[in-house]
Amino acid sequence: MKQNVIYLDYAATTPVDPRVAEKMAACLTTDGIFANPSSMHAPGRAARALVEQARGQVAALINATPPEIVWTSGATESDNLAIKGTLRFHKDRGRHFITSRIEHKAVLDTGKQLEREGYEVTYLKPDADGLIQPDAVAAALRDDTVLVSLMHVNNEIGTANDIVGIARAAHARGALVHVDAAQSAGKLLIDVKAMDIDLLSLSGHKVYGPKGIGALFVRRQPRVNLEPMVHGGQHESGMRSGTLATHQIVGMGEAYRIAREELAEETPKLAALRERLWQALHREIPDALLNGHATQRVAGILNVSFPGIEGESLLFGCVGLAVSSGSACSAASAEPSYVLRALGRDDELAGASLRFSLGRFSTAADVDGAARIVIAEYRRLHALAAAD
Amino acid sequence: MPIYLDHNATTPLDPRVLQAMLPWLEGTHGNPSSVHQFGRAAHAAIETARRQVAALVNAETAQVIFTGGGTEADNLALKGVCRGKPGSLLVSAIEHAAVQGPADALAKLGWQVQHIVVDAHGCLRLDALDRALGDEVRLVSVMFANNETGAIQPVADVAARAHARGALVHCDAIQAPGRVPLDFAALGVDLLSLSAHKLNGPRGVGALIVSRHLQLAPLVEGGGQEHGLRGGTENLAGIVGFGCAAALAREEQPARAVQLRALRDRFESGLHAFPDIRVFAADAERLPNTSQIGVEGFDGEAVVMELDRRGIAVSSGSACHSASGRPSHVLLAMGLDEATARSAVRVSFGRENTEADVDAILAALRQILKSWREHARAVAW
């Protein structure tokens, strides 16, 4: 139905891998494993076994142990649970929370809620390349800092923070470290042990799994405590109650299994496609500016500002191409990207920017087609602006 | 293949619902918040499902907030209303853990939580409610039908009385849709929780119906989805499946009730041959598919295990409770002693069940009790 449209918005959401869809469909109807995993009977135990297998698959991708994986409804819930959960649990120890200005709304809106509840939140400014440096974290840490929450990879510009350095700085002052890895899981190597991470948010639908499922890694050694957000039947060691959605969990498990297997092969392919796209754009539009650090980044995201044109028209004028001007979760607002503004881009330039995000099913033809569409539309808008 | 008689724990997905979901699982679909055509198509699919869920319970489309399931909907209702300066909260004594859990959490924050008792038939006592209602009561939470006994609660009466005293009313109606008629407007409650997987829809998706005048605080922030009441990328295929299951449940509810009641009646008629089996809440108006029985002198858990060994899946109570080892709080609230409460076995029928399934569980119960009695006699000799 949408075959003529080039989809380069993998950072907003990815298609479900057909291998994942197949596994999910087998966990739904009477001829499949459909029972409630909390039930004690044989069909319930069969469902439980699949849930635990998937937990192992997700744990394996980030070098965690299976009991450290808590199922949630998605990375947004994981972020909320990690941040509110630890701060509320440790409210007698301190009320200070450090994050950054370029986090996803899931973290920023949670920070705002904590401020309403009387917590103090420091929003670190990124450097011009879009990175939060460990030194900046160290400078902001206080004795009453309970948690530092920073994303591994930024969803708009694709830059990758030095999590090892950030964790070292935070732990030196006794603060916990939460990492939103929604955009890095399956794209960069994550080792929660080597990186010394306490909490890590994961998403299903950014890794070719289904929407509506995610996970939170909660470190067991030493144990990280948090106050649950959803109370009830004590599922997930009491950290997140609610009947487990077997098909969703199985889908995420399979998606993470595939990601682990194919990461090494996929990364150079995406990096080459991304470079091909950037070169094509830059060749024809020498004014185009690359947003974010040139090398410390994820392979699939390219964010470009186009000076001298009206930005919103660019996005809507690129007929036949599905890209975005920033995070999908901010798409409804007409405001220019807060991430690009934090990098120092002015409103006009931030508004005239496109995020291209490539993935497993992207091809050289997609990239060449996208470049053609954008270049033509840029020239049309540029001529209009010049005529004005 | 085992005979599945545990539909109050979860139901299998209707094949028609799977067909509705598959196009949204396979292929390329946008994030429903994206403005390009992939995103707009996904958004439109969610809005169709919202209309279908609203129609199921006679609510307005804009009143439907999709959540990650029934438990989250219950949490959102209780914690979303009970904010700020602690006041008082009334919950029935027979609520599911999804209501009891957040009520306990609120109690830790200083809220006064009172439990409204039920009568011997498992129905909320309105006189007890009247006594507990006071000006400081912010919210009353009463389920539509109990998940263990199936007893239907006097929710409309509760709503009228609570509103007269200025309290809001939440109803966990998770077991009701598709089995009995459910009308949000007629019930007069302010909040109503639903779950897709109890009406042959997928797990991992639910909804909270919220009256227009209500200002709720979200549990999950970020991204502004669901009018800012529930952040996070929507469970696209799950919501589409919920919508389809809701449309089917609405259309087929009368026929389903007849079918389920026939199975249940056949089962309970068959139980007349068992002098030591009783049906709990038998005199209450109940869900047509639910029969919670007590096997005198035996542990319900052991009966469940023995039936499981014979390929029949039932439960001793709530699945969410199954690992706790505690007797049913519902049966204790009805005034039954602990041994009787521990003898409980819940049989809950679904649409794929047949008369042969009913006869199979009756035959299995006969064999199990016979062998246990013989064993007991042999030991006594």
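Values computed for the structure shown
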item	result
All positions within the range A:90-104 that are under 22 Å from A:ARG220 (Cα atoms) and either within 12 Å of chain B (Cβ to nearest Cβ) or in contact (Cβ under 8 Å) with a residue 40 or more places away in the chain (or both)	A:HIS90, A:LYS91, A:ARG93, A:GLY94, A:PHE97
Qualifying helices (runs of 4 or more DSSP H) (wholly inside the range B:118-224; at least 2 residues being over 13 Å from the mean Cα position of the chain (by Cα) and acidic (Asp, Glu))	B:126-132
Answer from B:VAL358, B:VAL345 - the residue that is away from chain A (no Cβ under 14 Å) and either surrounded by 15 or more Cβ atoms within 10 Å (Cβ to Cβ) or in a loop (DSSP other than H, G, I, E, B) (or both)	B:VAL358
Number of positions in the range B:4-47 that are in contact with a helix residue (DSSP H, G or I) (Cβ under 6 Å, 6 or more places away or on another chain) and more than 10 Å from every other protein chain (Cβ to nearest Cβ)	3
Test: residue in the range A:254-272 that is crowded, with 17+ Cβ neighbours inside 10 Å, outside any loop (DSSP other than H, G, I, E, B), at pLDDT 95 or above and within 14 Å of chain B (Cβ to nearest Cβ)	yes
Filter result (in contact with a Gly (Cβ under 9 Å, 6 or more places away or on another chain) and farther than 26 Å from B:MET143 by Cβ) within the range B:265-307	B:ASP276
Residue selected from the range A:40-76 under the condition facing chain B (nearest Cβ under 9 Å) and within 26 Å of A:LYS193 (Cβ to Cβ), by the criterion farthest from the chain's Cα centre (by Cα)	A:THR72
Residue match in the range B:190-197 (condition: more than 19 Å from B:ILE239 (Cβ to Cβ) and crowded, with 24+ Cβ neighbours inside 10 Å)	yes
Selection status of A:LEU81, in contact with a strand residue (DSSP E or B) (Cβ under 7 Å, 6 or more places away or on another chain), more than 30 Å from A:GLN296 (Cα to Cα) and within 14 Å of chain B (Cβ to nearest Cβ)	no
For A:THR246: the one exception among (1) under 21 Å from A:GLU52 (Cβ atoms); (2) touching a strand residue (DSSP E or B) at 6+ places or on another chain (Cβ under 8 Å)	(2)
B:ASN200 being buried (at least 24 other Cβ atoms within 10 Å of the Cβ), away from chain A (no Cβ under 13 Å) and not hydrophobic (A, V, I, L, M, F, W, C)	no
Which numbered condition A:ALA21 fails, given (1) within 10 Å of chain B (Cβ to nearest Cβ); (2) hydrophobic (A, V, I, L, M, F, W, C); (3) in contact (Cβ under 8 Å) with a residue 40 or more places away in the chain; (4) not in a helix (DSSP H, G or I)	(4)
Residue match in the range A:79-89 (condition: touching a residue at least 60 places away in the same chain (Cβ under 8 Å), under 20 Å from A:ALA167 (Cβ atoms) and surrounded by fewer than 18 Cβ atoms within 10 Å (Cβ to Cβ))	yes
Filter result (touching a residue at least 24 places away in the same chain (Cβ under 8 Å) and within 14 Å of chain B (Cβ to nearest Cβ)) within the range A:105-137	A:LYS105, A:ALA106, A:VAL107, A:THR110, A:GLY111, A:GLN113, A:LEU114, A:TYR119, A:VAL121
Checklist (1) outside any loop (DSSP other than H, G, I, E, B); (2) under 28 Å from B:HIS170 (Cβ atoms); (3) touching an Asp or Glu at 6+ places or on another chain (Cβ under 9 Å); (4) within 14 Å of another protein chain (Cβ to nearest Cβ) applied to B:ALA54, failing item	(4)
Single match in A:LYS187, A:LYS206 (criterion: surrounded by 24 or more Cβ atoms within 10 Å (Cβ to Cβ), among the basic types (Lys, Arg) and within 14 Å of chain B (Cβ to nearest Cβ))	A:LYS206
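Results for (1) assigned to a helix (DSSP H, G or I); (2) within 14 Å of another protein chain (Cβ to nearest Cβ); (3) in contact (Cβ under 8 Å) with a residue 60 or more places away in the chain, shown as yes or no for each residue.
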| residue | (1), (2), (3) |
| --- | --- |
| B:CYS244 | yes, yes, yes |
| B:ARG266 | yes, no, yes |
| B:HIS272 | yes, no, no |
| B:PRO288 | no, no, yes |
| B:MET305 | yes, yes, no |
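The values are calculated or read from the model by the stated rules, or taken from the named source; none is laboratory data. In this text the structure is predicted, and so the values were computed from the model without any measurement. Quick reminder, even Gly has a Cβ in these numbers, built from the backbone with ideal geometry, and neighbours come from all protein chains shown.
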